[in-house]
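Each remark here refers to the structure printed beneath this line.
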Amino acid sequence: MKKFLMPLLLLLLIQTSQAQTATTEKTSHYRAAEEMLGTMDREKMTNNIMEQMLNTQLKSNPMFEAKRGAMEAFFKKYMNWQSLKEDYIKIYMDEFSEAEIKNITAFYRTATGKKLAEKAGILAIKGSEIGQQRVMSHMPELQEMLRN
């Protein structure tokens, strides 16, 4: 079970590692970040990433397919966009100025920006799979290193 849940939880932690739950005052900076996330279609991206991660993990561990419903319910309850939105807004506000956020929004309105937003989820999943495969292919070496 740990082998199944660890990569899934790792990606979730990466997505929310800098998130803080404090309510953010709705300044122009806040509104710019909120608009940018909407332009990026971050809600759809987040939902797609969760679904793709779950499918990838279930494909790797078919014995957990019977638990799909419970896992989907858990992620819909705790990892839905409404529960994550404020955290994402805060992350972007902490990392980018209002002017930078407006520039990013302008980019995501271009054809290339829209394509990046569309492909970001699959790129994240593929990157995660590469990392997982790399670690798994060298697991005996890692286990040996951890024993010493």
For PRO7, the lone unmet condition from (1) out of contact with any Asp or Glu (no Cβ under 9 Å at 6 or more places or on another chain); (2) surrounded by 18 or more Cβ atoms within 10 Å (Cβ to Cβ); (3) at pLDDT below 90 is (1)
Just to be sure I understand, how many residues within segment 103-148 are aliphatic (A, V, I, L, M), over 24 Å from GLN52 (Cβ atoms) and modelled with pLDDT of 90 or more? 1
Inside segment 77-102, can you point out the residues that are of a type in the set (A, V, I, L, M, F, W, C) and modelled with pLDDT under 95? MET79, TRP81, LEU84
Name the pairs whose Cβ atoms lie under 6 Å apart, with the first residue in segment 98-118 and at positive phi and among the polar types (S, T, N, Q), the second surrounded by 13 or more Cβ atoms within 10 Å (Cβ to Cβ) and at pLDDT 95 or above, and 6 or more positions between them or separate chains? none
Tally of residues being over 19 Å from ASN47 (Cα atoms) and out of contact with any helix residue (DSSP H, G or I) (no Cβ under 6 Å at 6 or more places or on another chain) across segment 75-108: 9
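The values are calculated or read from the model by the stated rules, or taken from the named source; none is laboratory data. All values reported here derive from a predicted model rather than from experimental measurement. Cβ: placed from backbone, ideal geometry, glycine included. Neighbour counts: every protein chain shown.
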